[in-house]
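Participant: This structure is in structure tokens; I'll ask about it shortly.
Please treat every number below as a calculation from the coordinates, not as lab data. Computed from a predicted structure; not experimentally measured. Ideal geometry is used to build each Cβ from the backbone, glycine not excepted, and the neighbour counts take in all protein chains shown.
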Amino acid sequence: MKTKYFQLLNPVKWIKAYRLKKQDGKYDKSKSDLELNLYSKILKNDMLHYGYFEDPEIATDSISIKSVEDAQIKYAQNIVDLIKDKEGNVLDVGCGMGGLSAILSAQNFKVEALTPNKNQIRHIQNKYKSIPVHNCKFEGIEEIRKYSTVINSESFQYIDLEKGLAKINAITLPNAQWIITDYFRLHDNGINKSSHLLTDFIEAIGNSNWKIVYEKDITPNILPMLRFLRLYVDRFIFPLKNFAFEKFRYKQGFLYYLTQDLREGIDKKINKEVASIDPEKFANEKKYMIFVLEKQ
């Protein structure tokens, strides 16, 4: 026990810890998203979105991993069915682990994937060797090839509106199609500030050379996923976290009290993430939309 406590006072250990902390400060979530990497180990269809449940009233405790994966495939096929140009080049922006791109490729679309995430790039290059993949953010893609269809599946929320519109104009053909499936904030408050305000998006599109030709609110169809996630957080994550903390307190009481700030930081992080998957809060604050736009 004394040896363990001595390590806390060892200046060499503190120097090494400082160096590691400095390296961690360079962590770029868009290039190495640990949460998405974790989800990809749980769900095996290479899709990282909420899915589309045809029955919005499905009982939460009847949802299985298989039904989640089926809902994700249905979500992807909904996007594929909206594409009007079956022969043109398709760009899958924010492609995740390549699930949607793989479905497009299997249905003979000429698809290219785009992600800045190094783990996703490596996965796609190993598993889907025939799919070209761009290792960059959307704003950074070279303006060489022109696309007839661009898809943003739960990736548009990360793109600046003004920069995104400039880039989409530069890389698309006349009469191109832009498919956006994502959630939008209804008002400018709440714990989770991710995504664009719906009013800002509508205004920006109204002032652009793009026209919304189709829109559908699928919020009810994605809420079963949130209820499923919340169920598992309440039944497994919170109990396991509390068990681990109590076990730590029992086994290493001195270190437990020394790490109070760390534990409080973990609690704060968990509470923020849980707020983002609260079904009622989501339904009150956001809308999950499918938009199809055409270039004028």
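Participant: List the pairs from 84/110; 84/137; 167/272; 167/286 whose alpha-carbon separation is above 21 Å, in the order I gave them.
Facilitator: Check vs 21 Å cut-off fails for 84/137; 167/272; 167/286.
Participant: Moving to a separate point now. So if each residue of separation counts as 0.36 nm, and I subtract the Cα-Cα distance between residue 242 and residue 66, what length gain in nm does that give?
Facilitator: Gain in length upon complete extension: 60.5 nm.
Participant: Additional query: Relative to 2.2 N^0.38 Å, what does the C-alpha radius of gyration of segment 208-296 come to as a ratio? Two decimals please.
Facilitator: The reported ratio for this selection is 1.70.
Participant: Give me Rg over Rh for segment 98-215, both radii from the alpha carbons and Rh done the Kirkwood way, two decimal places.
Facilitator: Numbers: Rg = 15.2 Å, Rh = 15.6 Å.
Taking Rg over the Kirkwood Rh, I get 0.97.
Participant: How fast does segment 136-286 diffuse by Stokes-Einstein, in µm²/s, taking the Kirkwood radius from C-alpha pairs at 37 °C and 0.692 mPa s?
Facilitator: Numbers: Rh = 18.7 Å.
Stokes-Einstein gives a translational diffusion coefficient of 175 µm²/s.
Participant: Please report, in cubic angstrom per residue, the volume enclosed by the convex hull of the alpha-carbon atoms of segment 200-247.
Facilitator: Value for segment 200-247: 108 Å³ per residue.
Participant: Please arrange 261, 70, 182, 92 by counting, for each residue, the other beta carbons lying within 10 Å of its beta carbon, fewest first.
Facilitator: Least crowded to most crowded, the residues run 261, 70, 182, 92.
Participant: Counting other beta carbons within 10 Å of each Cβ, put 172, 115, 149, 199 in order, fewest first.
Facilitator: Details: 172 20, 115 29, 149 26, 199 13.
Fewest to most other Cβ atoms nearby, the residues stand as 199, 172, 149, 115.
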